[in-house]
Structures are given as structure tokens and as C-alpha cells.
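Working notes, beginning with the structure itself.
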Amino acid sequence: QVHLVESGGGLVRAGTSLRLSCAASGRTFDDYAMGWFRQAPGQEREFVAGISWESGGTYIANSKKDRFSISRDTAKSTMYLQMNNLKPDDTAVYYCAARPTPSIGTWHAYYDTWGQGTQVTVSS
């Protein structure tokens, strides 16, 4: 059974950086894609970035390409989201998710395993 645990969230000031981590366990992930989503209060869950585990191919939402990057460490079974120049609008709960196919999906319903989320709050 796949298990995902996010970490690295917190309260930061606008303009600073954070790196979120998602530790994955339960199986090997060579045939998986993983993604980062975020959800602000009263809003729908939004795709941020995704990575195909074996190839390392990535896709980042257009609005975030200039500030966010995604990577993974296969030896540690851990995925990362590097967020730079954070803005108050980035405030949300950030979730990592996994789907049993190498193809990155941008719709949250494509993913069948989720972490518990980590809160990111950006003050102005």
C-alpha cells in the first residue's frame, strides 16, 4: 500500500523560499507519476507540478513555472517541490499525490493516493 508523507511547510514572509518534501513508501514507483497539488480555503484543489518517477520528466503549471520546480530522489523515494519568491496567494495546504501510471495528470481525480497535506502560509 502506497503511503505518502509531506513535510516542509510553515509560515514564511513573501519573497522567501520553501522546499516541500514528500516521502513515499510501500512499493517501488518506477511505473508511477507523482504530483503536487494545493488547496486554499474555499477553493478547488489545484495542480502545481508533476513528475514521472522513472524518467524524471516534469510538468509544472504555467502560472508557476517561473518560481516553482519539482524533483525526486529515487534512492530516498522522496519528491520535492522548490518554491521561490513566495507570494501571499501561495498560501494553501499542499498535498502530494501518486497515480499508478508514468503519465503526469493535472486533474486531482487522476490520483488515487494522497498525503495528509502540509500548510504553507505566506505573509505579506
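The values are calculated or read from the model by the stated rules, or taken from the named source; none is laboratory data. Keep in mind it's a predicted model, so treat the numbers as computed, not measured. Cβ placement follows ideal geometry from the backbone for every residue including glycine, while neighbour counts extend to all protein chains displayed. In case anyone asks, the SASA skips ligands and DNA or RNA and just uses the protein heavy atoms, side chains included. Shrake-Rupley method; radii C 1.70, N 1.55, O 1.52, S 1.80 Å.
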Open item on the list: About the Cα centre, and with charges only on the beta carbon of Lys, Arg (+1) and Asp, Glu (-1), how big is the dipole of the chain? Nearest 20 debye, please.
Closed with: 280
- [ ] Leaving out ligands and nucleic acids, note down the accessible area per residue over the range 19-124 with a 1.4 angstrom probe, in whole Å².
- [x] 48
TODO: About the Cα centre of the range 1-52, how large is the charge dipole given +1 on each Lys and Arg Cβ and -1 on each Asp and Glu Cβ? Please answer in debye to the nearest 20.
DONE: 240
Open item on the list: Taking the Cα centre as origin and putting +1 on Lys and Arg beta-carbons and -1 on Asp and Glu beta-carbons, what dipole magnitude results for the range 65-124, to the nearest 20 debye?
Closed with: 120
Task: Bins of 10 Å from zero: percent of alpha-carbon pairs in the chain - done: 15, 50, 29, 6, 0
- [ ] Give a residue-ordered list of calculated ³J(HN,Hα) values for the range 21-33 (Karplus: 6.51 cos²θ - 1.76 cosθ + 1.60, θ = phi - 60°; whole Hz; x for Gly, Pro).
- [x] 10, 9, 8, 10, 8, x, 5, 8, 10, 4, 9, 10, 10
- [ ] Kindly sort ILE70, ILE104 by accessible area of their heavy atoms, largest first, with the probe set to 1.4 Å.
- [x] ILE104, ILE70
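Dividing the alpha-carbon radius of gyration of the range 18-57 by 2.2 N^0.38 Å (N being the number of residues), what value is obtained? Kindly include the intermediate steps, with their values, before the conclusion.
Working: Rg = 12.4 Å, N = 40, 2.2 N^0.38 = 8.9 Å.
Dividing the Cα radius of gyration by 2.2 N^0.38 Å gives 1.38.
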Task: Whole-Hz ³J(HN,Hα) from phi, Karplus 6.51 cos²θ - 1.76 cosθ + 1.60, for the range 43-60, glycine and proline x - done: 10, 6, 5, 10, 5, 10, 6, x, 9, 8, 4, 6, 7, x, x, 10, 9, 10
Task: Amide H within-cut-off set for VAL48, under 5 Å, with H built and near neighbours excluded - done: TRP36, PHE37, ARG38
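Of HIS3, HIS108, which has the most accessible area with a 1.4 Å probe, and how do the rest follow in descending order? Don't skip to the end; give the middle numbers.
Working: HIS3 105, HIS108 75 Å².
Result of the area sort, largest leading: HIS3, HIS108.
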- [ ] Would you kindly derive the ³J(HN,Hα) couplings of the range 83-88 from the backbone phi angles with the Karplus curve 6.51 cos²θ - 1.76 cosθ + 1.60 (θ = phi - 60°), listing them in order in whole Hz, with x for Gly and Pro?
- [x] 10, 10, 6, 5, 10, x
